[in-house]
Amino acid sequence: MKHLYLSIFCLLLLSPSFLFAQNSNVKKAQGHGNSEAAAKSDALANLSFYFYTNVKSQIQSSTLMSQENDKFSKSSSIDKKSLISSELPLYGVTFEISDNGLSGREKEYQATASMDPKIVLPLYKLELEKTCKNIDSQLLSLDKLKGTKKENAYTALAGEYANYQKLEMILEFLGGKDIPRPSRSPEDFNTEYKKFTRDVTSLEKAAQITVDYINENAGKNISGIYVYAPQYEGDGAATQFSRTLASFIQGKLSSKTALDKGNSLYYLQGTYYMVPGSVDADDMILNFYLCKNDGSILLSTPLIRLGYDIYGQYKYLPAGYSLTQEIAKGNVADPNFGVSIRINGDRKPQTFKSGDSLIIEARVTSPCYIYVLGHVFNENNEEFSYLFPLEPYADDKEIFVRKISSKEVNQWVVLNPVIEDEVASIEIIPPYGEETLQIFAVTEDDIDEVTSLVPDYWESDDYYIVRGSPSSVSNKTRGLAIKKVSEKAAKVVHKAEAEITYTTYYK
């Protein structure tokens with residue numbers, strides 16, 4: 001983890017928890033905060049993420065079932081949904097509020113957000129119908145437009161389609177029938193939209209176009225925007241190119257930028273990909289979505305085309321992208337069991353500078369054992385994998401295995417080692433580069449069975465290194481499909497995994 005340097009400090013963490021009513025389809029999530037509004041906002045974010053993780057699990061399950069001849073395939077609509085839907089808009093939510101009875105700085109509120117599918121399904125269907133009518137109305141006017149007006153109309157429609165796909169995902173997940181469809185499918189529209197790209201002469205100009213569009217269409221008074229570095233094909237770690245572009249955008253947003261995600265009101269996330277170029281190399285297509293913190297999309301920025309002469313001076317391909325693809329091919333998706341991972345309270349890929357500290361958390365939906373692999377791609381072009389120590393006072397391979405009890409289910413649990421009753425942070429120090437954390441979870445109740453899955457390792461000064469390349473190590477450690485037979489019945493042991501990427505740099 002960029003050198004496991006453990007500095008000790010006290011951490012007060014308010015962990016959101018997810019609740020599931022017995023014998024009921026009502027979805028619930030808890031949130032905490034120092035005000036009722038903050039607690040409600042936290043509960044909404046957690047409920048949104050509950051929907052997203054379950055929808056994503058369904059997508060992964062259906063995708064894995066579609067594999068043929070060991071070839072991995074998924075439709076462009078799934079690619080798009082995965083890209084834009086880290087959080088989903090929620091309607092018909094009711095709240096229950098309580099507090100801890102204290103006062104002053106110790107005062108804390110807890111909110112429980114609830115959604116009953118029987119009540120909210122009509123709301124989502126109505127919203128989808130409105131969105132489809134709006135899309136179809138705007139599509140009819142496209143042929144009458146020319147030049148910049150037509151380009152702006154396509155950009156506005158891209159945001160409408162993105163919102164449509166989010167609503168569609170929730171309606172499908174809730175079991176909605178007869179889902180409204182726009183006259184032109186999202187896939188067909190995206191193909192047309194790619195024709196309307198702006199060629200620019202510099203990275204700074206690309207940032208200016210993006211910010212100008214935000215100012216003109218989201219309102220000049222909008223502020224508190226947290227800027228994520230755009231991701232290659234919507235996946236993987238940040239790169240030198242994406243960090244530089246994000247920095248330009250932050251500079252041009254000026255006082256409208258939120259440097260801390262926790263204090264933001266909006267976030268800007270983007271993607272870039274390659275298309276056949278006309279001169280020496282492929283051209284790059286870039287665009288962003290401006291979202292509220294609840295995941296609803298305010299607007300889509302114009303598609304921007306960059307030539308190799310502009311982006312080629314930066315490292316633009318993630319070093320660990322091939323690993324990301326390998327993980328996606330074999331990613332375990334089990335509708336009956338799930339695991340999630342986040343860093344410093346954020347589930348999206350992030351960048352960290354030298355001296356920053358990391359807190360790693362996991363959330364599971366059933367009691368289980370977990371262990372974590374780190375995959376490193378550093379600035380010295382070194383690639384290796386290591387085991388993350390979770391229980392420093394245990395023996396042998398049990399130091400890498402953490403039990404999640406029934407009391408910790410559906411809560412964010414800190415994975416950082418606890419030393420002398422204090423959570424140890426992980427400090428970012430050289431060398432810098434890209435890293436993927438891959439968490440494995442198994443509902444096996446015999447720890448010996450679990451430790452047998454943990455790969456062999458050797459110790460360096462800073463890591464517990466696993467032999468082999470990151471992709472080979474990841475594939476070898478997927479031995480989670482255990483079936484334990486008792487005298488009465490066979491017990492299927494569920495499996496799940498998740499991953500998160502981040503990038504470190506010197507500053």
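The values are calculated or read from the model by the stated rules, or taken from the named source; none is laboratory data. Being a predicted model, the structure only gives us computed values, none of them experimental. Don't worry about glycine lacking a Cβ; one is built from the backbone with ideal geometry, like all the others, and counts go over all protein chains shown. Quick note on the areas: whole protein, heavy atoms, side chains included, nothing else; ligands and nucleic acids left out. Shrake-Rupley method; radii C 1.70, N 1.55, O 1.52, S 1.80 Å.
Things worth noting here:
- Within the stretch 418-436, the set of residues being among the aliphatic types (A, V, I, L, M) and either farther than 24 Å from Thr239 by Cα or in a strand (DSSP E or B) (or both) comprises Val418, Ile419, Val423, Ala424, Ile426.
- Selection of helices (runs of 4 or more DSSP H) fully inside the stretch 180-290 by the criterion of at least 3 residues being modelled with pLDDT of 90 or more returns 203-218, 240-253.
- All positions within the stretch 105-115 that are outside any helix (DSSP H, G or I) and open to solvent by 40 Å² or more (accessible area, probe 1.4 Å): Lys107, Glu108, Tyr109, Gln110
- Hits in the stretch 172-225 - residues which are among the hydrophobic types (A, V, I, L, M, F, W, C) and over 17 Å from Ile297 (Cα atoms): Phe173, Leu174, Ile179, Phe189, Phe196, Val200, Leu203, Ala206, Ala207, Ile209
- The set of residues from the stretch 367-383 being over 16 Å from Ile465 (Cα atoms) and part of a strand (DSSP E or B) comprises Cys368, Tyr369, Ile370.
- Condition check for Ala481 on (1) modelled with pLDDT of 85 or more; (2) surrounded by fewer than 16 Cβ atoms within 10 Å (Cβ to Cβ): one failure, at (1).
- Out of Lys133, Lys118, Lys125, Lys81, one residue alone is out of contact with any Cys (no Cβ under 7 Å at 6 or more places or on another chain), within 27 Å of Ser300 (Cβ to Cβ), modelled with pLDDT under 90 and outside any loop (DSSP other than H, G, I, E, B). It is Lys81.
- Options Ile327, Ile343, Ile285: the member that is surrounded by fewer than 18 Cβ atoms within 10 Å (Cβ to Cβ), β-branched (Val, Ile, Thr) and touching a residue at least 40 places away in the same chain (Cβ under 8 Å): Ile285
- One residue from Asn100, Asn134 being open to solvent by 50 Å² or more (accessible area, probe 1.4 Å) and touching a residue at least 12 places away in the same chain (Cβ under 8 Å): Asn134
- Residue within the stretch 395-411 that is in contact (Cβ under 8 Å) with a residue 60 or more places away in the chain and under 20 Å from the mean Cα position of the chain (by Cα) present: yes
- Restricting the stretch 418-450 to residues that are under 14 Å from Leu390 (Cβ atoms) and either open to solvent by 20 Å² or more (accessible area, probe 1.4 Å) or hydroxyl-bearing (Ser, Thr, Tyr) (or both), the residue that is modelled with the highest pLDDT: Ile447
- Contacts under 7 angstrom Cβ, first residue in the stretch 257-277 being of a type in the set (Val, Ile, Thr), partner part of a strand (DSSP E or B) and open to solvent by 30 Å² or more (accessible area, probe 1.4 Å), 6 or more apart: Thr271/Gln231
Yes/no per residue for (1) among the hydrophobic types (A, V, I, L, M, F, W, C); (2) under 20 Å from Val275 (Cβ atoms); (3) free of Cβ contacts under 8 Å to residues at least 24 places away in the same chain:
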| position | (1), (2), (3) |
| --- | --- |
| Gln165 | no, no, no |
| Ile170 | yes, no, no |
| Phe173 | yes, no, no |
| Gly176 | no, no, no |
| Thr191 | no, yes, yes |
| Lys195 | no, yes, yes |
| Val200 | yes, yes, no |
| Glu204 | no, no, no |
| Asn215 | no, no, yes |
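- Any hit, the stretch 58-74, residues being modelled with pLDDT of 55 or more and farther than 29 Å from Tyr228 by Cα: no
- Of all residues in the stretch 281-320, those satisfying the criterion of being more than 16 Å from the chain's Cα centre (by Cα), over 15 Å from Thr244 (Cβ atoms) and of a type in the set (A, V, I, L, M) are Ala281, Ile285, Leu298, Leu299, Leu303, Ala319.
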